[in-house]
Amino acid sequence: MKSMKGYVSKIRVLKMSKTPLVRFSLDNENCLIAAHSLNFLADVDEGMHIVVAGEYNARKQFVVKKYSVIGKTKIMIEFENTNVQ
């Protein structure tokens, strides 16, 4: 399994199903994620710094099996910005 670190851009949902297929770029490298894609959409926003692990497919797209956000996730940021009283 290979790993990469970088900044996320161009997040797109390619296929809506029980487990959506999500495409994104990580420092100009094309990546796909199906496993944990709903969590990925909740945790990651464009411009965030992440680490991913996975393998390349026949089309030279990096298929992500695991990911981790460096710093705060999108949900954490949104929760901090709400006015909780």
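The values are calculated or read from the model by the stated rules, or taken from the named source; none is laboratory data. Note that the structure is a prediction, hence the values are computed from the model and not measured. Cβ coordinates were reconstructed from backbone atoms using ideal geometry, including for glycine residues, and neighbour counts include every protein chain displayed. Areas reflect the complete protein model, heavy atoms only, side chains present, ligands, DNA and RNA absent. Shrake-Rupley method; radii C 1.70, N 1.55, O 1.52, S 1.80 Å.
Conditions (1) open to solvent by 100 Å² or more (accessible area, probe 1.4 Å); (2) within 11 Å of the chain's Cα centre (by Cα), marked per residue:
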position: 15; (1), (2): yes, no
position: 25; (1), (2): no, yes
position: 54; (1), (2): no, no
position: 68; (1), (2): no, yes
>> Checking the structure you have, find out if any residue of the range 29-36 is assigned to a loop (DSSP other than H, G, I, E, B), touching a Phe, Trp or Tyr at 6+ places or on another chain (Cβ under 9 Å) and not acidic (Asp, Glu).
In response: yes
Only one of (1) part of a helix (DSSP H, G or I); (2) open to solvent by 40 Å² or more (accessible area, probe 1.4 Å) does not apply to residue 40, and that is (2)
